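Bear in mind that the values in this text are calculations on the coordinates, not laboratory data. Remember, it's a predicted structure, so these values are computed and weren't measured experimentally. Backbone-built Cβ (ideal geometry, glycine too); neighbour counts: all protein chains shown.
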Amino acid sequence: MKIKNRETAYNGYFKIYKLTVEQEGQTFTREQFDRGDAVAALIYDTQKQEYILAKQFRVGSESELVEVVAGMVDKGETPEQSIAREIEEETGYQVDKLEHLHTFYSSPGGTTEKVMLYYAEVSDQHHDGGGNDHENEHIELVRLSADEFGKFQTPDAKTIIAQQWVKLQVKV
């Protein structure tokens, strides 16, 4: 498969490209949703011994979701800087320890979004968090014990991946 041409079909909050693709002598078009790179983190408060998740309205699901903290990698930032910033904005904590877990595509059939998932340990909350007003974020923190987090049901893939990682860490 070879991309022969890329043109911008939409350039707003997100970008959509119209691609001309050639494969085995056939030429056809596909749309590509350019989402950029994202970061996410499973946060564990080492003092309270609980996981911290974010509850907020998500346009894609048209509902409130409880999920690991997540956001976009801003221009000029490394993924580690971006996730530390997101954790600070959304939860009010500074990161004590950060470990990269996985990098994956959220939906490679049509979107460019690559998610870098981290595990973050925190211990001192210096403000309430809640997100940025100028980004229209209204985030509520959800705190779960290890047992509650293991049993938590969610449709959010990055949170499910984080749950599976935690389960793999438990020595049986």
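Below are the figures for this structure:
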| item | result |
| --- | --- |
| Highest-fluctuation residue, Gly71, Gly150, Gly60 considered, GNM on the chain with Cα pairs under 10 Å | Gly60 |
| Lysines with Cα under 16 Å of Lys114, excluding same-chain neighbours fewer than 8 positions away | Lys15, Lys75, Lys158 |
| Sum of -39500 (n - 2.57) over DSSP H runs of 4+, divided by residues of the chain (222 nm, nearest 500) | -5500 deg cm²/dmol |
| Within the stretch 35-169, percent of DSSP bridges classed antiparallel, to nearest 5 | 75 percent |
| Relative exposure of His102, His126, judged by other C-beta atoms within 10 Å (fewest first) | His126, His102 |
| Diffusion coefficient, µm² s⁻¹, Stokes-Einstein with Kirkwood Rh over alpha-carbon pairs of the chain at 4 °C and 1.567 mPa s | 74 µm²/s |
| Nearest-ten-degree value, helix 157-169 long axis tilted from longest Cα axis of the chain | 50 degrees |
| Estimated FRET transfer efficiency when R0 is 30 angstrom, pair Val142-Lys75 (beta carbons, to 0.05) | 0.50 |
| Calculated FRET value between Tyr10 and Val166, using beta carbons and R₀ = 41 Å, to 0.05 | 0.60 |
| Chymotrypsin sites (Phe, Trp or Tyr not before Pro) lying in DSSP loop within the stretch 1-80, provided at most 13 other Cβ fall within 10 Å | Tyr13, Phe14 |
| Residues of type lysines that Lys151 reaches as a straight line, Cα spacing below 20 Å, ignoring anything fewer than 8 places off in the same chain | Lys48, Lys55, Lys167, Lys171 |
| 0 to 90° range, to nearest 10: angle between helix 79-91 axis and the chain longest Cα axis | 50 degrees |
| Glu64/His126 FRET efficiency (R0 30 Å; Cβ-Cβ; nearest 0.05) | 0.70 |
